[in-house]
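No value in this document is a laboratory result; all are computed from the given coordinates. This structure is a prediction, so every number in the text was calculated from the model and none was measured. Virtual Cβ from ideal backbone geometry, glycine too; neighbours counted across all protein chains shown.
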Amino acid sequence: MVQAHEVRQASDTSVRSGQARPRGPRHISWDAIRVVGILAVLTFHATFLAPVTLPGLEPPYGPLRMDFPFGASVLITVSGYFAAMTVGRQTPVRWWLRRLARLLPAFWVAVLVIFAATQLLAPEGLPRRTYGDLVGNLALIHVLDRDVAYIDLAHWTVPVQVAGFTGIAVLALSGRVRGRVATGVLWAVLLLPLSLRYLFMAPGDVPPEWVSYLMDGTGLSRAHLLVAGVAVYRWSQGRMRFATFYAMLVTVVLAHGLHPPPGDSVVAYALALVLICVAAHQPVWDGRVLTRLERPIRWLAGISYGVYLTHYVLGTIVARHLADLGVPWVGWVPAMIATAILCGWALTRFVEQPAFTFLSRFIDRDARAPRRPARAM
């Protein structure tokens with residue numbers, strides 16, 4: 001899923017040629033969008049998905065159920081935006097390693113904790129995963145190997161991000177993916193999945209196995225989410241004409257509609273995409289509501305990745321135990337959300353941040369070391 005501190009990462013001091021860049025402002029607009037995304041994830045899972053997947057949870061009253069997911073898609077798009085912003089501030093390899101250092105340690109710890117909690121505390125009806133599933137999830141093959149069950153259903157985003165960041169780093173290594181070439185690459189990443197859907201994945205047909213692996217196993221079916229973020233950044237920096245940008249976003253929404261679930265989730269994502277464009281064009285937002293809620297917005301945005309990683313299974317376990325005690329949905333839904341926020345804070349505070357700080361010392365060591373003058377050939 002999405003790194004909890006990407007917004008902050010964009011303004012971090014980066015080292016190049018022994019000199020530090022000045023810090024840039026961290027705009028609350030991006031924190032607000034991140035909060036919208038994570039709250040949408042929590043609401044969808046607490047009010048709809050958890051009651052559907054775990055018998056014994058009484059679903060909330062109809063109008064209070066949010067049955068259209070879009071929050072994770074918003075968070076991945078924001079991730080693509082800041083990936084495009086930061087990839088040129090350091091060498092591609094160092095950028096890639098820093099991304100993984102932010103992403104993977106927290107994910108691995110979350111998988112281990114969720115697996116242990118499932119084995120020890122899972123209520124009846126919640127499947128207990130095997131050690132083979134645990135290894136498969138830690139190795140990030142749970143979207144590639146159908147025999148590996150998800151430790152947590154929400155963890156589909158992590159392999160997608162790792163694959164996307166790896167692709168961006170590989171393209172950046174060439175040093176030639178700029179201007180029209182970069183636009184062409186974005187179009188290729190958008191149109192290839194659409195072509196595969198048209199040729200091999202018609203409604204009612206069983207697609208060839210290699211197509212399923214390519215689309216779902218590599219995250220290609222969700223690549224349009226990262227492409228949208230990259231496109232928004234390039235447009236905001238004047239590197240893409242508006243007509244091209246508009247056509248690309250229309251194609252992104254079309255691609256999103258072809259990947260289930262359709263319907264209201266597509267409309268909600270399209271509206272959120274407009275909000276992301278506004279933040280990219282005018283990142284400074286003023287207003288009484290944002291001013292009064294600035295501290296909680298920034299705090300929740302800062303732990304959003306940890307919340308995302310831990311919210312579903314751990315929150316569902318708490319919710320089901322409360323429901324078994326007779327607590328109605330008006331009690332267990334807030335408890336599920338509170339559990340997610342508490343666990344997300346703990347994961348961010350005690351795992352994600354310390355691990356990133358520790359690993360960054362080794363990743364940035366070469367950047368801080370004095371460079372020897374090059375020898376003449």
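When you count the other C-beta atoms within 10 angstrom of each residue and take the mean per peptide, 153-159, 115-121, 265-271 line up highest first as 153-159, 265-271, 115-121. In the range 262-355, Cα pairs under 8 Å separated by at least six residues give a relative contact order of 31 percent. For the chain, the percent of C-alpha pairs falling in each 20 Å distance bin, counted from 0 to the bin holding the largest distance, reads 27, 59, 14, 1.
Per-residue ellipticity at 222 nm computed for the chain from its helices equals -20500 deg cm²/dmol, with DSSP H segments shorter than 4 residues left out and the rest contributing -39,500 (n - 2.57).
In summary, the convex hull built on the alpha carbon positions of the range 221-288 has an orientation-averaged projected area of 5.2 nm². Cβ-Cβ distance of A116 and R349, R₀ of 30 Å, FRET efficiency by 1/(1 + (r/R0)^6): the value works out to about 0.95.
When the alpha-carbon atoms of the range 192-347 are used, the pair Rg, Dmax equals 20.1, 59 angstrom.
Per the Debye calculation on the range 176-234 with a single equal scatterer at every Cα and no solvent contribution, log₁₀ I(q)/I(0) for q = 0.13, 0.14, 0.25 Å⁻¹ amounts to -0.39, -0.44, -1.00.
Using alpha carbon coordinates only, what is the Rg to Rh ratio of the range 80-146, with Rh defined as the Kirkwood radius?
Result for the range 80-146 is an Rg/Rh of 1.15.
Can you tell me how the range 96-236 classifies by the Cα gyration tensor, rounded, prolate or oblate, using a/c under 1.5 as the rounded cut? Oblate, because a/c is 1.5 or more while a/b does not exceed b/c.
Would you mind calculating the gained length between L275 and R176 on full extension (0.36 nm times residue separation, minus the Cα-Cα distance), in nm to one decimal?
So the chain would gain 32.5 nm between L275 and R176.
For the peptides 75-86, 204-215, 101-112, 59-70, the ranking by mean Cβ contacts within 10 Å, running from highest to lowest, is 75-86, 101-112, 59-70, 204-215. Spacing of the modelled spin labels on D145 and L64, each 7 Å from Cα toward Cβ, amounts to 4.2 nm.
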